[in-house]
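Below is one structure, written out as structure tokens; the observations come after it.
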Amino acid sequence: MPRPPDPKCVACAQLPSEEAQRRHGPEGDDCWVDSRCHRRRSHYRHRGQVNVQRREQYRAQQHQAKVDELGIEVDLPPAAYLYLYRAKRADSPIHAVAASVWQGDQHLLAVRPIHCAGLTGRRLKQYLVQVLDHIHERYPQIQQFEAEIRLEPTECPIQGCPLKAPNSDAVPELVIMP
């Protein structure tokens, strides 16, 4: 067990260096030793912070569970995902659609998104069947979309999308004068 700190040294550590040397140097009680007092004063001034850091490091080491990792290679089949850009309401219209094919964490194929404005539900289904047929030609094991991923229409990646800030050179505005 460590020795308790000398109360005189703890009090001395709070004084400015010149004052401490004057009180405890040759004119004072003559306990000042240059080789150790500067270091000891610094230690006593910062000891609370150092002890807190030491306790935190110790707790982190104690709570750190050692987990063995088992790396098993899995041959994942490719999967097709359908991205629907539509508002959260169930009855909201579909703004745009896109698709992609992934195999594990590797992106294999991306189908460019298209706007659905003007497409009827029947025409949209026909388009998605065509997309799935093209994907099936390249990846025969894909028969259907794995999941439908809903994204907000404001996230639409199509250049010149009407939901994004208008472009100054895109389309001239119609101004009707009274």
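The values are calculated or read from the model by the stated rules, or taken from the named source; none is laboratory data. All of these numbers come straight from a predicted model, not from anything done at the bench. Quick reminder, even Gly has a Cβ in these numbers, built from the backbone with ideal geometry, and neighbours come from all protein chains shown. Remember, those area values only see protein heavy atoms, side chains included, never the ligands or the DNA or RNA. Shrake-Rupley method; radii C 1.70, N 1.55, O 1.52, S 1.80 Å.
Some values worked out for this structure:
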quantity	calculated
Among the candidates C37, C31, C9, residue that is farther than 30 Å from P140 by Cα, in contact (Cβ under 8 Å) with a residue 12 or more places away in the chain, in contact with a His (Cβ under 7 Å, 6 or more places away or on another chain) and of a type outside the set (K, R)	C31
Restricting segment 87-113 to residues that are outside any strand (DSSP E or B), over 15 Å from L76 (Cα atoms) and not basic (K, R), the residue that is nearest to the chain's Cα centre (by Cα)	A87
Selected residue [open to solvent by less than 40 Å² (accessible area, probe 1.4 Å) and either at pLDDT 90 or above or of a type in the set (G, A, S) (or both)] from A165, A96, A170, A117	A96
Flag if R47 is basic (K, R), over 31 Å from the mean Cα position of the chain (by Cα), farther than 29 Å from I142 by Cα and assigned to a helix (DSSP H, G or I)	yes
Breaking point among (1) open to solvent by 80 Å² or more (accessible area, probe 1.4 Å); (2) of a type outside the set (S, T, Y); (3) touching a strand residue (DSSP E or B) at 6+ places or on another chain (Cβ under 8 Å), for P78	(1)
Selected residue [over 30 Å from T154 (Cβ atoms) and in contact (Cβ under 8 Å) with a residue 60 or more places away in the chain] from P16, P77	P77
So R150, is it over 24 Å from P78 (Cα atoms) and at pLDDT 90 or above	no
Of all residues making up segment 13-38, the number that are of a type in the set (A, V, I, L, M) and part of a helix (DSSP H, G or I)	2
Residue that is basic (K, R) and open to solvent by less than 50 Å² (accessible area, probe 1.4 Å), where the choices are R23, R41	R41
Search result, residues across segment 99-109 that are at pLDDT 90 or above and open to solvent by less than 70 Å² (accessible area, probe 1.4 Å)	A99, S100, V101, Q103, L108, L109
